[in-house]
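Presented below is the structure to which this report refers.
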Amino acid sequence: MRLFLKLATLILFSLSVCATPSYALPEKVYRLGFPLNHDAPPYAWLLEGLENKGFVAGKNLQVVYIDLKGYQDEAGRERIRQELARKCDLFFTGGASLEIIYKVAPQTPLLFINFAGPERVVPPAIQANTTGVRIGSETGIFQQAIEMLPPNQRQKMGLIHFEGSSVSLLASGFQKTCEQLGFELVIKKYAAKDDIDSVMQAFKTEGVGGVMLLPPACREGELEVLIASQNKHRLPLLSIIKQDVEKGLLGGPAITKKLIKPSLTDYAAKILLGRSPAQLPIKFFSPEYVLNLATASKLGIEVPAEVVSRAEIVGMASVAAEEEAAAKPLMRGNYVLGISKNTPVSSIERFLKELGKRGYVQGKNLTITQYDLDAGKNRQKQREIAKRLAEETNIIFANGSVLPSFTSLPDLKTPVCFVSTKETADTIPAALKQHFTGVIRASFVSIIQSAQRLIPGLKKVAMIGLPGSNLKQTIGRHQRNAATHGVTLDYRLFNDKSEIGPLMRELQKNHDAMLLYSPGVDDESVAEIIKWQNQLGFPVLAQFERHVQDGLLAGLVVDMDKVSPKLAEYADKLLQGRTPDQLPPYYYSGKMIINLRTASKLQLDIPAEVTSQAEIIR
């Protein structure tokens with residue numbers, strides 16, 4: 001009998017565990033505010049993401065719609081402020097509605113999605129209760145969009161939206177931006193979807209080369225009509241939403257649901273549960289070219305080669321199919337990935353994790369083999385290493401610090417998947433280029449330029465790194481590039497963290513800032529650099545996001561959450577038989593990230609035009 005009771009208890013316990021949802025629903029009802037008549041996709045993305053975290057609209061999440069009309073006078077603004085305070089635990093908005101909210105200046109917690117730019121700075125009165133996501137600058141969006149068109153179609157660009165869309169509130173600013181970029185922006189609206197074709201015909205008649213869609217440009221059911229009209233008039237449509245491109249638009253400097261939704265959802269959930277927006281850094285995502293080659297072929301558009309080489313190529317595949325393909329079972333066969341002995345396996349953990357999602361798992365069907373490239377100091381040794389790589393590995397992975405070691409192997413035939421700066425990638429010999437592909441990240445020139453914007457008047461910079469890195473071999477090229485922008489560049493090497501303090505004291509005397517050359521530098525050394533940076537008031541710039549998060553001042557950094565999936569995609573294709581020359585290098589521009597706590601400690605006043613386009617750590 002006692003055994004029966006134990007078994008019954010165990011069964012009931014098991015059933016109760018199985019019945020528990022993945023996210024326990026918060027008991028109270030949370031109130032999320034949206035502007036009335038919102039239409040942009042991120043609103044739906046946010047609700048979808050919150051539901052996955054246990055906030056379900058109509059159950060424990062109440063969606064409140066706020067009418068923002070009447071904001072022009074103080075009485076109207078006060079009405080909106082009171083309504084937000086009374087009805088919302090969090091208000092989410094973007095675009096033109098966000099500009100209205102900036103004028104209203106409520107104390108209700110705010111979450112936004114918007115362009116970056118000096119004119120988009122969060123007003124000081126609401127900075128403590130505001131955070132969000134920036135998706136590139138207005139200037140950058142239009143510049144990238146016009147560059148997708150053939151040169152003979154760049155004199156005029158169109159912008160289309162439905163009548164009553166909040167896009168109209170920003171129209172004059174968009175036209176000024178395009179005028180500064182050297183082309184005319186023609187703006188037209190339509191009342192109903194039956195009017196779309198005549199508006200597109202009018203664009204074509206006026207000599208417009210391409211038409212831009214900026215959310216909320218169209219309503220439900222209208223995108224399909226726009227695509228049909230695009231194909232009929234052979235007039236390309238461009239968008240900043242990747243899903244629109246996948247459905248049939250030509251392309252655009254796009255953001256993706258997969259990229260933006262997790263950040264918006266994470267921040268919204270944390271704020272609803274009590275976190276202050278001031279504790280959540282504003283994030284910045286750079287739109288990247290997405291191109292629908294099927295649409296380009298259908299329209300007879302020859303997209304410039306420099307754009308194609310940097311674009312993510314899509315067809316008509318749905319997002320669901322793409323996500324399904326991302327979770328592959330273990331690939332059949334056994335594969336060997338070769339790396340330099342100077343590349344710690346820990347430094348490519350993110351890359352290996354992404355490979356695992358594609359069915360290549362270290363210790364199962366994937367082996368990592370390290371090679372001593374320093375042994376190849378003469379031509380015979382180099383040939384022997386190249387032969388071993390060909391016999392023993394399927395592909396090679398190289399970061400920027402070891403890439404030159406592989407490019408020095410004259411007989412190399414093994415495919416190489418790499419990530420490096422543009423300058424390092426440019427050193428790959430012409431005879432070997434067919435064997436190399438990967439991710440080309442922010443150039444050293446762009447790193448210097450971003451440092452000059454960050455610290456006005458910057459003239460002298462010192463780089464520090466480890467003897468085992470290739471800093472000594474590459475410093476000459478870096479110095480020449482820095483000199484073209486009026487910056488003198490020196491370098492020093494340190495063996496361990498005990499040398500860091502004296503070295504930084506010496507460098508501070510004659511330099512405006514220091515740049516950490518990261519390969520091989522461990523966390524203890526980074527902590528020591530941060531300590532001396534703050535103690536000496538000597539700003540240190542970084543190349544990796546985690547180092548800025550730990551306390552270095554800032555940097556044009558590599559976001560491995562974006563780079564690693566692309567590297568894994570290329571590695572997967574190489575392992576399945578594609579050749580590197582079939583995979584054009586992917587260009588990653590990097591993102592500026594600034595630690596404002598560190599800036600405050602160093603008593604640095606970062607220009608507003610820089611902070612407005614950067615991801616901020618407070």
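The values are calculated or read from the model by the stated rules, or taken from the named source; none is laboratory data. It should be emphasised that the depicted structure is a prediction, and the values quoted were computed from it without experimental measurement. Cβ placement follows ideal geometry from the backbone for every residue including glycine, while neighbour counts extend to all protein chains displayed. Side chains are part of the model used for accessible areas, which takes the heavy atoms of the whole protein and leaves out ligands, DNA and RNA. Shrake-Rupley method; radii C 1.70, N 1.55, O 1.52, S 1.80 Å.
The table below lists the values:
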{"quantity": "Options Arg134, Arg120, Arg154: the member that is surrounded by fewer than 23 Cβ atoms within 10 Å (Cβ to Cβ), within 20 Å of the chain's Cα centre (by Cα) and in contact (Cβ under 8 Å) with a residue 40 or more places away in the chain", "calculated": "Arg120"}
{"quantity": "The listed residue being on the phi < 0 side of the Ramachandran plot, at pLDDT 90 or above and buried (at least 22 other Cβ atoms within 10 Å of the Cβ), out of Leu185, Leu111, Leu214", "calculated": "Leu111"}
{"quantity": "Single residue of segment 497-517 satisfying the filter (polar (S, T, N, Q) and closer than 24 Å to Phe444 by Cα) that is least open to solvent (accessible area, probe 1.4 Å)", "calculated": "Gln508"}
{"quantity": "Neighbours by Cβ (under 6 Å, 6+ apart or cross-chain): first from segment 534-549, more than 15 Å from Lys283 (Cα to Cα); second open to solvent by 10 Å² or more (accessible area, probe 1.4 Å) and modelled with pLDDT of 90 or more", "calculated": "Asn534/Lys601; Leu536/Gln508; Gly537/Leu602; Phe538/Gln508; Pro539/Leu602"}
{"quantity": "Complete set of residues in segment 562-618 that are in a loop (DSSP other than H, G, I, E, B), open to solvent by less than 40 Å² (accessible area, probe 1.4 Å) and small (Gly, Ala, Ser)", "calculated": "Gly590, Ser612, Ala614"}
{"quantity": "Among residues of segment 189-209, those that are within 26 Å of Ser97 (Cα to Cα) and open to solvent by less than 50 Å² (accessible area, probe 1.4 Å), counted", "calculated": "4"}
{"quantity": "Near pairs, Cβ below 7 angstrom, 6+ apart or cross-chain, from segment 274-293 (of a type in the set (Asp, Glu)) to any residue that is open to solvent by 50 Å² or more (accessible area, probe 1.4 Å)", "calculated": "Glu288/Glu312"}
{"quantity": "Filtered residues of segment 389-437 (kept if part of a helix (DSSP H, G or I), more than 24 Å from Leu556 (Cα to Cα) and open to solvent by less than 10 Å² (accessible area, probe 1.4 Å))", "calculated": "Leu389, Phe406"}
{"quantity": "Output for segment 359-412, where each listed residue is of a type in the set (Val, Ile, Thr) and within 33 Å of the chain's Cα centre (by Cα)", "calculated": "Val361, Thr367, Ile368, Thr369, Thr393, Ile395, Ile396, Val402, Thr407"}
{"quantity": "Test: residue in segment 303-313 that is open to solvent by 50 Å² or more (accessible area, probe 1.4 Å), aliphatic (A, V, I, L, M) and either over 30 Å from Asp195 (Cα atoms) or modelled with pLDDT of 85 or more (or both)", "calculated": "yes"}
{"quantity": "Residue within segment 154-176 that is of a type in the set (D, E, K, R) and part of a helix (DSSP H, G or I) present", "calculated": "yes"}
{"quantity": "Scan of segment 546-561 for residues that are in contact with a Lys or Arg (Cβ under 8 Å, 6 or more places away or on another chain) and either acidic (Asp, Glu) or open to solvent by 40 Å² or more (accessible area, probe 1.4 Å) (or both), ordered by number", "calculated": "Asp559, Met560, Asp561"}
{"quantity": "Top-ranked residue in segment 81-104 [being farther than 23 Å from Ile135 by Cβ and either touching a residue at least 60 places away in the same chain (Cβ under 8 Å) or small (Gly, Ala, Ser) (or both); ranked as surrounded by the fewest Cβ atoms within 10 Å (Cβ to Cβ)]", "calculated": "Ala85"}
{"quantity": "Residues that are of a type in the set (Asp, Glu), assigned to a helix (DSSP H, G or I) and open to solvent by 50 Å² or more (accessible area, probe 1.4 Å), drawn from segment 217-264", "calculated": "Glu224"}
{"quantity": "Any hit, segment 81-95, residues being within 23 Å of the chain's Cα centre (by Cα) and in a helix (DSSP H, G or I)", "calculated": "yes"}
{"quantity": "Selected residue (criterion: farthest from Ser401 (Cα to Cα)) from residues of segment 455-482 that are open to solvent by 40 Å² or more (accessible area, probe 1.4 Å) and touching a residue at least 60 places away in the same chain (Cβ under 8 Å)", "calculated": "Pro456"}
{"quantity": "Tally, over segment 107-153, of residues that are assigned to a helix (DSSP H, G or I) and either among the basic types (Lys, Arg) or touching a helix residue (DSSP H, G or I) at 6+ places or on another chain (Cβ under 8 Å) (or both)", "calculated": "13"}
{"quantity": "Pair list, Cβ < 9 Å and 6+ apart or interchain, from segment 322-350 residues that are at pLDDT 70 or above and open to solvent by 50 Å² or more (accessible area, probe 1.4 Å) to residues that are aromatic (Phe, Trp, Tyr) and assigned to a loop (DSSP other than H, G, I, E, B)", "calculated": "Leu330/Tyr360"}
{"quantity": "Verdict on Lys377 being open to solvent by 20 Å² or more (accessible area, probe 1.4 Å), at pLDDT below 85 and not in a strand (DSSP E or B)", "calculated": "yes"}
{"quantity": "Filtered residues of segment 486-496 (kept if open to solvent by less than 60 Å² (accessible area, probe 1.4 Å) and under 31 Å from the mean Cα position of the chain (by Cα))", "calculated": "Gly486, Val487, Leu489, Asp490"}
{"quantity": "Residue tally, condition touching a Pro at 6+ places or on another chain (Cβ under 9 Å), assigned to a loop (DSSP other than H, G, I, E, B) and among the small types (Gly, Ala, Ser), over segment 516-561", "calculated": "1"}
{"quantity": "Residues of segment 351-369 satisfying the condition of being of a type in the set (Phe, Trp, Tyr) and either modelled with pLDDT of 90 or more or farther than 16 Å from Gly400 by Cβ (or both)", "calculated": "Tyr360"}
